[in-house]
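Remarks on the structure that follows.
The values are calculated or read from the model by the stated rules, or taken from the named source; none is laboratory data. Here the structure is a predicted model, which is why all the values come from computation and not from measurement. Here Cβ is always computed from backbone atoms with ideal geometry, including for glycine, and neighbour counts include all displayed protein chains.
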Amino acid sequence: MGDLLNANIVSAGYADRPKVISNVSFTVNSREIAGLIGANGAGKSTVIKAILGLSRDMEGCIEWNDSSYAYIPERPSFYDELTLWEHLELTGSLRGIESGAWRERAGRLLDEFSLTAVKHELPSGFSKGMQQKLMLMQAFLAKPDIYIIDEPFIGLDPISTKLFTDMLIAEKERGAGILMCTHVLDTAEKICDRFYLLDQGALLLQGALEELQERTGGRSLLDCFYSAVRGSQR
């Protein structure tokens, strides 16, 4: 299992808060879904900004090991003047995917996410869930080495959530590595191979679920997280 991403973040933050996170190190391996979990304000999104080079106040080292990546942000982002299909066409062009290949892949994704009927419409008129599906489709169309995903389940209905998690597992089996930032712990527990628990900007605990259970005495991922956080506050 090769390392696709090695992150060693000494500190990262913002102009008014230069050290939102400190001494956070982790890896993302091929054929692995790693869950970056924590409560709101724990520093999860700051970690993602740091590894993507979006934090100007980051000190540390990020090694991608020649890996390509796709980033799925928490808030959907798109071009107001492009239709859904034109977004997929742009992704295919930027990624250098042959026309026949991206069209076939795009058509399959549209069917799977039930968006074929609106493929020539502007995403600005979509619901947030539909806009989130657009972001997911662009990432899956690209088939990168690494997926960096920030709170993907917000706005997705249960069927879309199931479809999305099945696709992630299929991409893992293809050889991709996935770093998923989420506080939806019951879903993360089912699909993640390893966890990084953040609290107050620090890496509190890491390992597979069995390791977390052994260290905290918890049964579920939520139990483990609760025990670890409460223990650090005493």
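Return the only residue of P152, P158 being surrounded by 21 or more Cβ atoms within 10 Å (Cβ to Cβ), at pLDDT below 95 and not β-branched (V, I, T).
P152
Report every pair of residues separated by at least 6 positions or lying on different chains whose Cβ atoms are under 6 Å apart, first residue within segment 203-216 and more than 17 Å from C181 (Cβ to Cβ), second at pLDDT 95 or above and of a type in the set (D, E, K, R).
Once the first residue is more than 17 Å from C181 (Cβ to Cβ) and sits in segment 203-216, its partners that are at pLDDT 95 or above and of a type in the set (D, E, K, R) give A208/R194.
For S232, all conditions in the list (1) surrounded by 17 or more Cβ atoms within 10 Å (Cβ to Cβ); (2) within 21 Å of G43 (Cβ to Cβ) hold save one; what is the number of the exception?
(1)
Given (1) at positive phi; (2) in the same structural domain as A188 (by TED's automatic domain parsing), where does T161 come up short, assuming only one miss?
The number of the failed condition is (1).
Residues to consider are E32, E59, E74, E63; find the one that is closer than 18 Å to L179 by Cα and at pLDDT below 95.
Being closer than 18 Å to L179 by Cα and at pLDDT below 95 holds for just one of E32, E59, E74, E63, which is E74.
Please verify whether L141 is in a loop (DSSP other than H, G, I, E, B), more than 30 Å from V10 (Cα to Cα) and of a type in the set (A, V, I, L, M), treating the condition exactly as stated.
So L141 fails the test.
Residue by residue through segment 9-25, note down the ones that are part of a strand (DSSP E or B) and surrounded by fewer than 20 Cβ atoms within 10 Å (Cβ to Cβ).
From segment 9-25, those part of a strand (DSSP E or B) are 9-12, 21-25; that's our starting set.
Selection gives V10, S11, S22, N23, S25.
Among the numbered criteria (1) assigned to a helix (DSSP H, G or I); (2) closer than 25 Å to N6 by Cβ, which one does I159 miss?
Checking I159 against (1) assigned to a helix (DSSP H, G or I); (2) closer than 25 Å to N6 by Cβ, the one that fails is (2).
State all residues of segment 207-234 that are among the hydroxyl-bearing types (S, T, Y) and part of a helix (DSSP H, G or I); if no residue qualifies, say none.
T216, Y226, S227, S232
Any idea which of G2, G100, G96, G41 is in contact with a Ser or Thr (Cβ under 6 Å, 6 or more places away or on another chain), loosely packed, with under 15 Cβ neighbours inside 10 Å and either in the same structural domain as D166 (by TED's automatic domain parsing) or farther than 27 Å from K162 by Cβ (or both)?
G2
Considering segment 58-82 alone, what residues qualify as being crowded, with 16+ Cβ neighbours inside 10 Å and in contact with a Lys or Arg (Cβ under 9 Å, 6 or more places away or on another chain)?
Residues satisfying the conditions are M58, A70, P76.
Being crowded, with 17+ Cβ neighbours inside 10 Å and farther than 22 Å from A7 by Cβ is the filter here; which residues of segment 202-223 pass it?
Of everything in segment 202-223, those that are crowded, with 17+ Cβ neighbours inside 10 Å and farther than 22 Å from A7 by Cβ turn out to be Q213, T216, G218.
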